[in-house]
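Novice: Once you've had a glance at the structure underneath, I'll fire off some questions.
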């Protein structure tokens, strides 16, 4: 991890390194050495199942991409990206995904912005809900050892409800639930579950950064994640978090732009929301990826769309394709028909999870409409009722 520590400017403790090793397949990590056999660049791919509209697909999670400042602009990044995408393809993963330190780097390799990430720095003194509901159910604090068995089923249900979520192994749950030993805030994690007569419906993992001055508490509640498997669970777990005593500020990251909290809050602007890029996605196998999701309202749409795709880094994807959808299911084939749309690999990647409309991409000059009405057909097929959401960095 020493190269990563130098590049990202963080200190990574031995326990964090060991937890990362347990979720990694070392055969999928690729490095570069200098002429003295010193490690100067790193990269790796993690194995996930990615929720897509109507189902899930295997995905390669690109991570730990670093090049020492002394060895930049020598082609190392490009060579590692080539090797990782070839590895993803060889393993039958039709998409690659990543969280970008700098988005412009990865757009060169065909990645497109797939989800937004909304961050909160909320004023908890102005956190009332717009409407009142009778309190239902109870809350219970869990130990880190018992947490995964209780909260994993809630997460699994939640991840079927939106595209963008990632599968989690037992090793991932240990990494998520246990305390950090990095320099980015090692406060103890607290895990709370919300339960009703119907069972466990929501949970949150959070930390408290305790600070005081002569006027009293200025403490911050840091929410690592909070999910509900039901609307009631979501409402109640966030009410619990916003009601924690002695907290002045609540901070969290990686929410979707249409998270229910923005409609629950009486004063949404006091949530202190900012928006940035979230998950980036790269389609590696066009036919498998596009046939692996459903289309249209309720996943039951119909329509035909022919598009011309430019893809320099994965040239096997380039050319003209026809997407034929019947009752939500697609058949994807090469086509000689006139194209309805023209786009780059990045643009198709942004459409894939449903987070952006074809019309929005065209307005940004990213998609070209070649046949009148094709934008509307694309919007009908690709967009989803709920925005995609990837709450987990890797």
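Nothing in this text is a laboratory measurement; each read-out follows from the coordinates by a stated rule. What you see is a predicted model, and the numbers here were worked out from it, not measured in a lab. As a convention, Cβ positions derive from the backbone with ideal geometry for all residues, glycine included, and neighbour counts pool all protein chains shown.
Novice: Name all residues of region 39-64 having a backbone nitrogen under 18 Å from the label point set 7 Å from the Cα of residue 291 along its Cα→Cβ direction, giving them as ranges.
Specialist: 52-59
Novice: Right, next: Multiply the residue gap between residue 218 and residue 371 by 0.36 nm, knock off their C-alpha separation, and tell me the result in nm, one decimal place.
Specialist: Full-extension gain reported as 49.3 nm.
Novice: Can I ask one more? Just the C-alpha atoms of region 234-292: what Rg/Rh do they give, with Rh taken as the Kirkwood radius?
Specialist: Rg/Rh: 1.17.
Novice: In addition: Mind pulling the angle between the C-alpha long axis of helix 231-242 and the longest principal axis of the chain? Nearest 10 degrees, somewhere in 0 to 90.
Specialist: Taking the Cα atoms of the chain, the angle to 231-242 is about 50 degrees.
Novice: Now a separate question. Can you tell me the convex hull volume per residue for the chain, based on C-alpha atoms, in Å³ to the nearest whole number?
Specialist: Taking the convex hull of the Cα positions in the chain, it is 160 Å³ per residue.
Novice: Right, another one. Translational D (Stokes-Einstein, µm²/s) of region 285-382 at 25 °C and 0.890 mPa s when Rh comes from the Kirkwood sum over C-alpha pairs?
Specialist: 187
Novice: What 222 nm value per residue comes from the helices of the chain, counting each DSSP H run with n ≥ 4 as -39,500 (n - 2.57) and dividing by all residues, nearest 500 deg cm²/dmol?
Specialist: It comes out at -7500 deg cm²/dmol, rounded to the nearest 500.
Novice: Starting from the Cα gyration tensor of region 1-139, take the square roots of the eigenvalues, sort them a ≥ b ≥ c, and report rounded, prolate or oblate (rounded when a/c is under 1.5, otherwise prolate if a/b is larger than b/c, else oblate).
Specialist: The shape class here is prolate.
Novice: Relative to the first principal axis of the alpha-carbon coordinates of the chain, what is the inclination of helix 144-159, with its axis defined by its Cα atoms, in degrees from 0 to 90 and to the nearest 10?
Specialist: 40
Novice: Can you compute the FRET efficiency between residue 244 and residue 169 using 1/(1 + (r/R0)^6), with r the Cβ-Cβ distance and R0 = 35 Å? Round to the nearest 0.05.
Specialist: 0.70
Novice: So what are the three principal axis dimensions of region 316-363 from its Cα atoms, in whole Å, longest to shortest?
Specialist: Principal-axis extents of region 316-363 (Cα, largest first): 27, 26, 20 Å.
Novice: Over region 118-275, what is the relative contact order in percent, taking alpha-carbon pairs closer than 8 angstrom and at least six residues apart?
Specialist: The normalised contact order for region 118-275 reaches 36 percent.
Novice: Using only Cα atoms, locate the centre of region 143-159 and the centre of region 317-378, then give the distance between them in Å, rounded to an integer.
Specialist: Result: 38 Å between the Cα centres.
Novice: With each label point set 7 Å from Cα along the Cα-Cβ vector, what nm distance links residue 359 and residue 187?
Specialist: 4.3
Novice: Stretched out fully, how many nm does the piece from residue 78 to residue 18 gain, at 0.36 nm a residue minus the Cα gap?
Specialist: 18.8 nm
Novice: In addition: How much length is gained if the chain between residue 70 and residue 121 is pulled fully straight, taking 0.36 nm per residue apart and subtracting their Cα-Cα distance, in nm to one decimal?
Specialist: Fully extending the segment from residue 70 to residue 121 adds 14.7 nm.
Novice: Round to a whole angstrom and tell me the spacing of the C-alpha centers of region 253-313 and region 51-112.
Specialist: 19
Novice: Hey, another quick one. Suppose R0 equals 25 Å. What FRET efficiency, 1/(1 + (r/R0)^6) with r the Cβ-Cβ distance, do residue 101 and residue 257 give to the nearest 0.05?
Specialist: 0.70
Novice: Now for a separate question. Could you work out the relative contact order of the chain, using alpha carbon pairs under 8 angstrom and six or more residues apart, expressed as a whole percent?
Specialist: 20
Novice: What is the spin-label model distance, in nm, from residue 179 to residue 313 if the labels are put 7 Å beyond Cα along the C-beta direction?
Specialist: Going by the 7 Å Cα→Cβ label model, 4.0 nm.
Novice: Further question on the same structure: Counting alpha carbon pairs within less than 8 Å and at least 6 residues apart, what relative contact order, in whole percent, applies to region 285-382?
Specialist: Taking the mean separation of contacting Cα pairs over the length of region 285-382, I get 29 percent.
Novice: Turning to a different aspect of this structure: If r is the Cβ-Cβ distance from residue 393 to residue 302 and R0 is 30 Å, what FRET efficiency results, to the nearest 0.05?
Specialist: For residue 393 and residue 302, the calculated efficiency is 0.20.
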